[in-house]
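Working notes for the structure below.
Quick note: the coordinates plus some simple rules give every number you see, no bench work behind them. No experiment lies behind these values; they were computed from the predicted model shown. All Cβ positions, even for glycine, are placed from backbone atoms using ideal geometry, and neighbour counts span all protein chains on display.
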Amino acid sequence: MAISTTHTIGILADNLESRKSVLPIPKDAVTHWADGLNLPRGGETVLYTGQMYQLIPYIEALVTQERKLGDSWLASFSGVGRFVNRFINIAALMGRPSPEERQRYERIPRNVARLLQKVGLEFGILYEEDWYSGALMYDLGEDEVVSAHAAKVYRIFQKYGVKRVITIDPHTTNMLRSVYPKWIPDYQLRVQSYLELLAEYGFTPDHPVGGEVTVHDSCVYARYEHIIDEPRFLLNGVGLAVKEPVHSKSRTWCCGGPAESLFPAKAEAAAKQRVNELAQLSSQGVTMCPICWVNLEKATDGRIHFQDISEWLCAGLAPTE
């Protein structure tokens, strides 16, 4: 018996409403990436992660447990699980990634901070008040829950006098730039992806990387936020030749990832279809979304190696001490 989709969505909604994230994770998991960077708290410009990269290893650990549970008699008690979850964060008990998996995804926001510093941008962060944007629940149609959460997030920005937000993933970018303004009167934030800013500031590497890659465009970046040229400009700038699949830019194919927690089989089929196309062009792939990264990687069968775009760009920087 499969776990009830209704109860799964209910648990995620309850978590967002009471715990500020669909999958509440330890505070140190949210902020560990910034250790030693001495970034100020708040300010007019902040780098905002929306917890997206930090959440991925916890989500993957939870999905693994859900699949095991879905094949057992315990699945029939998912309604009880939702009730219990209102008092005890059961998702945190089920989803416990290894330190190695955590470090892998924590490296991305650290990469982004380093790249922004390279072009001379000054910014702060919100540390433990860097909350999840609510993107998944918005995709699932839980507008009432997400709009209330958006108001709470916006108050945090106001608290620190934030005027410009730098985002690091497509889903957080879309929520803060295109969705929140529909719900929040007099919304004043200027929201930009770090990729847009690096291109705008003319990012140049310390040394060329070289080689060729194929790019998987994020549906959200390409179709909703029109961030298409900037990633290619930056990859070319570090000396990488970009090989374009037939379905690229605004015609990109979905990685299947957003459906994984509810429809894992459909997500897997979509990912394999996309990998089949990309692997025909190069053995090296570029992603720019944590969901795309993890979902495509699971479908590679060793044919293509994916890395987040920040990894490729940081490969052109001189090593830090």
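Viscosity 0.890 mPa s, temperature 25 °C: what is the translational diffusion coefficient of the range 207-314 from Stokes-Einstein with a Kirkwood Rh over Cα pairs, rounded to a whole number of µm²/s?
Details: Rh = 13.7 Å.
The diffusion coefficient I find is 179 µm²/s.
If R0 is 22 Å, the Cβ-Cβ spacing of E268 and D14 corresponds to a FRET efficiency of close to 0.20. Potential lengthening of the chain between A151 and E200 amounts to 14.7 nm, from the contour at 0.36 nm per residue minus the alpha-carbon distance.
A straight Cα-to-Cα reach below 20 Å connects K163 with the lysines K152, K182, residues fewer than 8 places away in its own chain not being considered.
The amide H of T45, built 1.01 Å from its N in the peptide plane, has G124, K163, R164 as neighbours under 5 Å, considering only residues 5 or more places off or on other chains.
The Cβ shell under 13 Å around G237 holds other residues with a net charge of -2, Lys and Arg each +1, Asp and Glu each -1.
Starting from the Cα of K266, draw a straight line to each of the lysines and keep only those under 24 Å, dropping any in the same chain fewer than 8 residues away. Partners within reach: K68, K249, K298. Exposure proxy for W312, W253: other Cβ atoms within 10 Å of each Cβ, ordered fewest to most, give W253, W312. For K243, the amide hydrogen comes within under 5 Å of the amide hydrogens of V213, T214, V215, counting only partners 5 or more places away or on other chains and with H modelled in the peptide plane. Using R0 = 25 Å, the C-beta based FRET efficiency linking H305 and F233 works out to 0.65.
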